[in-house]
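Q: After the structure tokens below, expect a handful of questions from me.
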Amino acid sequence: MEVKETKKGETYLLSEVSIGSTGTITKINAEGRLRRRILDMGITPNTQIFLRKKAPLGDPLEITIRGYELTLRKEEASQIEIKVTDVREV
């Protein structure tokens, strides 16, 4: 489910934010292998993240983190909480 309007200063799951949103990762909710995979990709708390694109059905998502582009499944993105710092109209 996508949030219709992403608001600056609010906390959302990465899978819920609108395209063009920038935020800081606050928490990784995954456990076990999925958590390790997410952390190994450089997706760690207190890191800035930008949602570039979403596929038409919302899966996968393309993000920019640590200066590179990365594609995530919606399942992975739904385990990442971010605090939105900026929302750009796309």
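The values are calculated or read from the model by the stated rules, or taken from the named source; none is laboratory data. Bear in mind the structure is a predicted one, so any value in this text is a computation, not a measurement. All Cβ positions, even for glycine, are placed from backbone atoms using ideal geometry, and neighbour counts span all protein chains on display.
Q: Just to be sure before I move on: is THR24 surrounded by 13 or more Cβ atoms within 10 Å (Cβ to Cβ), modelled with pLDDT of 95 or more, closer than 16 Å to ILE82 by Cβ and in contact with a strand residue (DSSP E or B) (Cβ under 7 Å, 6 or more places away or on another chain) in the structure I sent?
A: When the stated conditions are applied, THR24 passes them.
Q: Take the residues in segment 31-46 that are at negative phi and free of Cβ contacts under 8 Å to residues at least 24 places away in the same chain, then tell me which one is farthest from the chain's Cα centre (by Cα).
A: So the residue we want is ARG33.
Q: Hey, another quick one. Among the residues of segment 54-69, are any basic (Lys, Arg), at pLDDT below 95 and part of a strand (DSSP E or B)?
A: Yes, segment 54-69 has at least one match.
Q: Given the conditions (1) surrounded by fewer than 18 Cβ atoms within 10 Å (Cβ to Cβ); (2) closer than 15 Å to GLU16 by Cβ, report the number of the one that GLU62 does not fulfil.
A: Only one criterion is unmet by GLU62, namely (2).
Q: If you don't mind, another one. Criterion first (touching a Leu at 6+ places or on another chain (Cβ under 9 Å), of a type in the set (D, E, K, R), closer than 24 Å to LYS8 by Cβ and in contact (Cβ under 8 Å) with a residue 12 or more places away in the chain) does ARG52 satisfy it?
A: Yes; evaluated as a whole, the condition is true for this residue.
Q: I would also like to ask the following. Out of all the residues in segment 20-27, is one or more touching a helix residue (DSSP H, G or I) at 6+ places or on another chain (Cβ under 7 Å) and assigned to a loop (DSSP other than H, G, I, E, B)?
A: No, segment 20-27 has no match at all.
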